[in-house]
Amino acid sequence: MQTSWRWPSDLDEAVALVASGGTAVGGGAALLSVALAPKLGQLAVDLAAVLPAGVDRGVIGAGTTVEQLATDPTVLRDWPAIAAAAAATATPQVRRVATLGGTLGARLPTSDMFAAMAAHGCLVRMRGAAATTTEVPVVDYLRAPPGPHVVLGVRPTLPGPGTHRRFALRVGPSPAIAVVAGVRAGDVVRLFAGAVGHTAAPLPFAGRSAPSVDLMRSDGRGSADYRHRLVGVLCAEVLAAVGADT
C-alpha cells in the first residue's frame with residue numbers, strides 16, 4: 001500500500017488530517033527503525049512545521065527533540081528526572097531526531113520517558129476537533145486509546161529534585177527492562193515504575209514497596225517477578241539520589 005504524505009500549514013489542518021485517519025509523524029525517528037517502524041497507512045501527516053518546540057511559559061513543546069530535553073537549562077533545573085530520562089533514551093543520533101510528541105504518540109512500553117513525566121506531574125496538552133485544547137495527566141493519556149488529536153506538549157506541574165534510573169540487558173542504548181523515576185516534594189517522594197507494566201502507562205508506588213507483581217508483564221526479556229525485584233533495587237537508588245534514602 002502506497003502512503004500519501006501531507007504537510008499541514010497550521011494546527012487546525014493537522015488535526016483535521018489526523019481525524020480523517022492520517023498517521024501523525026513528529027520527528028520521524030521511528031521511520032529509521034526496522035524493528036519499530038510505524039504503520040503509516042494511506043495518509044501520513046508531517047507535523048514538524050506546526051508543532052511548538054522548546055520551553056515556553058512552563059510548557060515543553062511537542063516538537064522538542066529528546067536531545068533538547070536532555071540539555072535544556074530549564075528542564076535540567078526544574079524537571080531533572082525528565083532530563084535524566086531523555087539523556088538515557090536511545091542513541092545520540094536518535095535523540096537528535098526523536099521528539100517529545102512522537103515519543104508520546106508511539107506509546108512504547110519500554111520508554112524511559114513516561115515514568116519521569118509522571119513523577120514531575122506532567123499534563124499532556126492536546127488539540128482536538130473544533131480547535132479545543134485540553135490537558136490530561138500523562139498516565140491517563142497513556143492508558144486511553146489513541147484519539148483524533150494532535151499533542152501540543154506537556155506541562156510539568158511538580159518541579160523539584162528528581163532523578164531516573166534504568167536497567168537493560170546491556171550497557172549503552174538498549175530497551176529498558178525496568179525504570180524508576182522519583183521527584184521529591186518536601187518530605188514526600190513521588191515514585192513511578194516504567195517499562196514494567198502491560199501498557200506504556202507507568203505504575204505509581206510509595207516508599208520502598210514496588211507495585212504489585214501482578215501489574216507487571218513477563219516477556220522474553222524478563223519475568224514479572226524479575227521486574228518486580230529490579231524496581232526495588234532501582235527505587236533504593238532513586239531515593240538515595242534525591243536525599244530520601246532513610
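The values are calculated or read from the model by the stated rules, or taken from the named source; none is laboratory data. Bear in mind that the values here come from a model prediction, so they are computed numbers and not experimental data. FYI the Cβ positions are ideal-geometry reconstructions off the backbone, even for glycines, and counts take in every protein chain you see. Heads up: the accessible areas ignore ligands, DNA and RNA and are worked out on the full protein's heavy atoms, side chains in. Shrake-Rupley method; radii C 1.70, N 1.55, O 1.52, S 1.80 Å.
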Q. On average over all directions, what projected area in square nanometres does the stretch 85-219 have, based on the convex hull of its Cα atoms?
A. 8.9
Q) Which whole-Hz couplings ³J(HN,Hα) result when phi for each residue of the stretch 51-64 is put into the Karplus expression 6.51 cos²θ - 1.76 cosθ + 1.60, θ = phi - 60°, listed in order with x for Gly and Pro? A) 8, x, 9, x, 9, 9, 6, x, 10, 8, x, 5, x, 5
**Q.** Options Ala193, Ser212, Ala168, ranked by Cα towards positive dipole end of the stretch 152-246, top entry (Cβ charges)
**A.** Ala168
Q: At 1.4 Å probe size, with no ligands or nucleic acids counted, give the accessible surface of Val196 in Å², nearest ten.
A: 0
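To the nearest 20 debye, what is the magnitude of the charge dipole of the chain about its Cα centre, counting +1 on the Cβ of each Lys and Arg and -1 on the Cβ of each Asp and Glu? Display every interim value, and only then the final one.
Numbers: 21 positive and 17 negative charges, 90 e Å.
Roughly 440 debye for the chain.
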Q) Which one of Thr74, Gly102, Met113 has its Cα pushed farthest toward the positive end of the charge dipole of the chain, where Lys and Arg give +1 and Asp and Glu give -1 at the Cβ? A) Met113
Q: Wrap a convex hull around the Cα atoms of the chain, take a quarter of its surface area, and give that in square nanometres.
A: 13.0
(Q) With every protein chain kept in place and ligands, DNA and RNA left out, what is the accessible area per residue of the stretch 143-196? Probe 1.4 Å, answer in Å². (A) 44
Q | Heavy-atom accessible area ranking, 1.4 Å probe, most first, across Leu104, Leu51 | A | Leu51, Leu104
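Rounded to the nearest 0.05, what FRET efficiency do Val188 and Arg77 give with R0 = 22 Å and r taken as the Cβ-Cβ distance? Could you check? Can you show the working numbers first?
Values: r = 20 Å, r/R0 = 0.93.
E(calc), rounded to 0.05, equals 0.60.
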Q. Leaving out ligands, DNA and RNA, what percent of the accessible area of the chain is carbon and sulfur, probe 1.4 Å?
A. 57
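I'd like to check one number: the per residue accessible area of the stretch 31-127, probe 1.4 Å, reported in Å² as a whole number.
Values: 4060 Å² over 97 residues.
Result: 42 Å² of accessible area for each residue.
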Q | Computed helical MRE - 222 nm, the chain, DSSP H runs ≥ 4 contributing -39500 (n - 2.57), nearest 500 | A | -8000 deg cm²/dmol
